[in-house]
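The values are calculated or read from the model by the stated rules, or taken from the named source; none is laboratory data. This structure is a prediction, so every number in the text was calculated from the model and none was measured. For neighbour counting, all protein chains shown are included, and Cβ atoms are generated from backbone atoms with ideal geometry for every residue, glycine included.
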Amino acid sequence: MKNTVKKRVAVIGAGIAGLSCATHLQALGFEVDVFEKSRGPSGRMSTRQGEGWAADHGAQYFTARDPLFNHELNSWIENGIVDRWNPNIGVFEEGRWRESSSNESRYVAIPGMNMIGKYLARSLTLHLNQTIDQLLPTNDQWQLSSKESGLLNSVFDFLVLALPAPQAAALTKALPNEIQAICNSVHMDGCWTVMARFSARPTFPFDAAFVNGETISWICRNQSKPFRDGQESWTIHASAKWSQENIELTPEKASTQLLACAKKLGLDCSEAEISLHRWRYASGFVNPSPEFISLPKFKLGVCGDWLNGGRVEGAWLSGHKLAIQIEKM
């Protein structure tokens with residue numbers, strides 16, 4: 001850093017992008033506070049847990065191509081929070097099944113996908129259950145207000161928004177047009193997700209499956225992933241197109257249609273216990289990718305997977321590279 005005075009940074013959003021940015025800023029000597037509206041970190045790398053069962057209901061796995069991210073991945077593996085996943089994958093298209101020919105390396109966090117978020121957040125100052133609803137520029141600094149606590153006392157030298165584009169746009173509607181133009185240019189689709197719990201393993205020929213041209217886009221047996229214990233559980237993702245067209249369905253109607261499609265594909269959930277989750281902002285990205293947004297004159301930055309390809313790797317890189325940019329200011 002350019003001086004010995006610690007600069008304070010507020011990061012809004014404790015998904016992978018926000019946590020990546022926050023951890024690197026802290027390593028660089030900044031004082032960082034992370035604000036998250038949910039009761040825990042990880043964002044869409046989430047794991048739903050109940051009595052005797054768990055299911056990854058957000059991101060199902062991730063891949064690594066960039067050397068910088070590969071270095072981070074290796075540290076996660078060495079620390080025992082990530083392992084390689086080698087499922088038997090099927091592909092459904094044009095009305096028939098076939099085995100996937102992909103040999104791509106796939107990785108999962110253990111014992112659930114939310115473990116990466118917990119690991120990254122372990123040494124951060126994390127404020128949970130805080131829905132930031134107002135950004136207040138104050139004497140060349142930032143002050144925040146939350147739905148739960150009202151105006152917060154702390155002031156910050158720099159602000160990072162690690163949010164889906166529509167949420168970032170809503171929060172910055174009173175701020176400069178540069179932010180609005182980028183945020184509003186992104187279309188993000190939702191995703192309906194079913195978690196089905198069985199008393200015994202159902203008959204289905206694959207550990208996981210990509211489904212094309214149907215209501216469902218993905219099926220996965222959670223117990224096929226390393227270190228997954230407990231009751232037999234399966235995750236079913238609806239397609240982005242169907243989800244967005246039906247995002248306002250009642251959970252009951254969404255569940256009925258998704259389970260009918262699953263049965264048609266060979267996964268009969270009629271005897272399963274069912275949980276449902278609606279991700280309003282699950283996928284979408286800017287093309288070409290800017291990686292992150294940095295507005296030094298406003299002391300504000302934006303990061304997220306939607307700014308860098310829409311993948312877990314892209315989210316981590318977006319936050320990490322924004323932190324490097326902030327350190328240069």
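In the set Ile89, Ile77, Ile12, only one residue is surrounded by 18 or more Cβ atoms within 10 Å (Cβ to Cβ), farther than 14 Å from Val160 by Cβ and of a type in the set (A, V, I, L, M, F, W, C); that residue is Ile89.
The residues of the range 231-263 that are more than 30 Å from Pro111 (Cα to Cα) and among the basic types (Lys, Arg), listed by number, are Lys241, Lys253. The set of residues in the range 14-48 being out of contact with any Gly (no Cβ under 7 Å at 6 or more places or on another chain) and not in a helix (DSSP H, G or I) consists of Leu28, Gly29, Phe30, Glu31, Val32, Asp33, Phe35, Lys37, Ser38, Arg39, Gly40, Arg48.
With respect to the conditions (1) touching a residue at least 40 places away in the same chain (Cβ under 8 Å); (2) in the same structural domain as Asp157 (by TED's automatic domain parsing); (3) exposed (fewer than 14 other Cβ atoms within 10 Å of the Cβ), Glu104 falls short on a single one, namely (2). Would you confirm, using the coordinates I've provided, whether Glu273 is farther than 23 Å from Ile182 by Cα and out of contact with any His (no Cβ under 7 Å at 6 or more places or on another chain)? For Glu273, the condition - farther than 23 Å from Ile182 by Cα and out of contact with any His (no Cβ under 7 Å at 6 or more places or on another chain) - is met. Against the test of being of a type outside the set (D, E, K, R), farther than 29 Å from Ala54 by Cα and either at pLDDT 95 or above or surrounded by 20 or more Cβ atoms within 10 Å (Cβ to Cβ) (or both), the options Ala181, Ala196, Ala208, Ala168 yield a single qualifying residue, Ala168. Applying the selection to the range 196-234, what residues are farther than 17 Å from Arg280 by Cα, aliphatic (A, V, I, L, M) and assigned to a strand (DSSP E or B)? Selection gives Ala196, Ala208, Ala209, Val211, Ile219.
Does Lys297 satisfy the condition of being under 25 Å from Met195 (Cα atoms), without any contact (Cβ under 8 Å) to a residue 60 or more places away in the chain and basic (Lys, Arg)? Spelling it out, it is not the case that Lys297 is under 25 Å from Met195 (Cα atoms), without any contact (Cβ under 8 Å) to a residue 60 or more places away in the chain and basic (Lys, Arg). Residue check: Pro296 meets all listed conditions (1) within 16 Å of the chain's Cα centre (by Cα); (2) assigned by TED's automatic domain parsing to the domain that holds Ile179 but one, namely (1).
Among the residues that make up the range 145-164, is at least one of them buried (at least 20 other Cβ atoms within 10 Å of the Cβ) and either under 30 Å from Ile89 (Cβ atoms) or in contact with a Pro (Cβ under 7 Å, 6 or more places away or on another chain) (or both)? Before you say what the answer is, go through the steps one by one.
First pass over the range 145-164, keeping only residues buried (at least 20 other Cβ atoms within 10 Å of the Cβ): 156, 158-164.
When the remaining residues are screened for being either under 30 Å from Ile89 (Cβ atoms) or in contact with a Pro (Cβ under 7 Å, 6 or more places away or on another chain) (or both), the result is 164.
Yes, the range 145-164 has at least one match.
Restricted to the range 285-302, and to residues there that are among the aliphatic types (A, V, I, L, M) and part of a strand (DSSP E or B), the residue that is surrounded by the most Cβ atoms within 10 Å (Cβ to Cβ) is Val302.
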